Amino acid sequence: MPHIHSFAPVSNADARVLILGSMPGKKSLEQNQYYAHPPNAFWKIMGDLVGAFPSLPYEERLCILKSSGIALWDVLASCERKTSMDSHIRKESANDFASFFARHPHITQVFFNGSKAEQSFRKFVQDKQELPPLKFHRLPSTSPAHAGMRYADKLQTWRAAINP
């Protein structure tokens, strides 16, 4: 089973919110881009919320996120996974959130992109790393595997939570 590694965080010092996924999928790893799998609704949602539309070049989307006060990262630093499915993740290790939050003192809210990100954070980070006071919220996953919710409903939930 392949051992994979996440990407560096997308952030700047004045970020106010952090969006956390679990681990980049196969397509994202191949392209070295967060949420590169076209059916994933993340960039469509970010387009509707802050103008980081999927049609824009990747680097431009990242700049828009950063200028909107949004940081982006994954809970896991590495893991083993045979497919892109979160349910196939094994042998996880978490990113260093204590150092991340020390460098980003304006972040007060953390949004989990789906349940696996939240579960991994609670299991491998919370109460194991020294963290500042934060508010945590799980949002509906943007993954195409979470097809039980319509896009409009996902967008409405993300909009109400992030409120850029």
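The values are calculated or read from the model by the stated rules, or taken from the named source; none is laboratory data. It should be emphasised that the depicted structure is a prediction, and the values quoted were computed from it without experimental measurement. Positions of Cβ are generated from backbone atoms using ideal geometry, with glycine treated the same way; all protein chains shown enter the neighbour counts.
A few comments on the model shown:
- Residue pairs meeting the criteria (Cβ under 6 Å; at least 6 apart or on separate chains; first more than 18 Å from Ser78 (Cβ to Cβ), in region 10-32; second at pLDDT 95 or above and among the charged types (D, E, K, R)): Asn12/Lys66
- Looking only at residues in region 86-114 that are part of a helix (DSSP H, G or I) and modelled with pLDDT of 90 or more, the one that is nearest to Asp14 (Cα to Cα) is Arg103.
- Residue satisfying all of: in region 96-124; among the polar types (S, T, N, Q) and without any contact (Cβ under 8 Å) to a residue 60 or more places away in the chain; surrounded by the fewest Cβ atoms within 10 Å (Cβ to Cβ) among these: Ser99
- Among the residues of region 11-22, those identified as surrounded by 18 or more Cβ atoms within 10 Å (Cβ to Cβ) and aliphatic (A, V, I, L, M) are Ala15, Val17, Leu18, Ile19, Leu20.
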